[in-house]
Amino acid sequence: MTWIGVLIALAGALGYALGAALQQFEAVAEGATLKLMRRPRWWIGGAIGLTGACLHAVALSFAPLVAVQPISVATLVFAVPLAAFLHGRRPYRAEILGSIAVVLGLLWLMTLVPHGDAVPRLSDGAALGFIGVVVLIALVSQVAAAWVRGPVRAILLAVGAGVVTASVSTFVRVVGGGLEGDLGRLVHWFTLAVPVLLIFAVVLLQRSYAVGYFGIAYAGVQVVDPIVSVTAGVLLLGEPLPAGPSAAIPALCAAALTIAGTITLGRLAPDHSRPAPVAATAESRPLASASDRV
């Protein structure tokens, strides 16, 4: 059943990557405002992304968080070139290298976490506490982002979006994995929490995309989402953690690789609202060229 969940998660993650690239293109052009509601491409991206999210939810019904969440990370290497294509340019070498580093680092980290098939159980008190922590982190990231600009702003907004997205995955795992064939268990406030949290996640995602640094924004979400989800799985759902000192050094190496890839993506110039007739404007060309040499 775990392999079925992994395959479904892969299909969903690819759809999510395409939808994210389409929505980022429109968010850069219009900003994270209600004007996006008038953009057909944004709606198409949303529909594709929603389909991917639904497949992700189905996957979580078959497999634990620690098995499903890493799959979404791999789509970074597809999402970044897709976004570059939409902006009328070829992906920078630094984008590709940074994306690959983030993916390999996160997948390495996730392989260190043992998989388990225990039925997820979550008390009301623990669920409310988890939501409270998520809301607090999201609020702090939004306030901090108001004081900075550029890639730092993008990554802070991505942190807020990532923790809320992780909360959606956690509740989907609890609801879907806890059904055990009884649809009556859907009648619970956990089920209602999923669409509410999902709406907030979409709004925060558009804010991070609108800054223009798609690579760093998407990577930030993909880093924060699985880490928070796996942490929630371990602390709240009783999913196992790696044991023994032999896992510490590989975990540090994987974390270093992930951080290096994220920094590389953060050094890139922002994309413009519409494809330019040349690869980059005078403002972005020097920074982009420097990134290409990374």
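Derivation of every value follows stated rules applied to the coordinates shown; laboratory data play no part. Model, not experiment: these values are computed from the prediction. Don't worry about glycine lacking a Cβ; one is built from the backbone with ideal geometry, like all the others, and counts go over all protein chains shown.
Between Leu34 and His188, the simple spin-label model (points 7 angstrom out along Cα→Cβ) gives 3.7 nm.
Ordering 152-165, 82-95, 221-234, 33-46 by mean Cβ neighbour count within 10 Å, with the highest value first, yields 152-165, 221-234, 82-95, 33-46.
Take the Cα of Leu112, step 7 Å toward its Cβ, do the same at Leu128, and the gap between the two points is 3.6 nm.
On the beta carbon distance between Ala47 and Val143, with R0 = 35 Å, the FRET formula returns roughly 0.65. Modelled spin-label separation between Val6 and Ile259, with each label point placed 7 Å from Cα along the Cα-to-Cβ direction: 2.9 nm.
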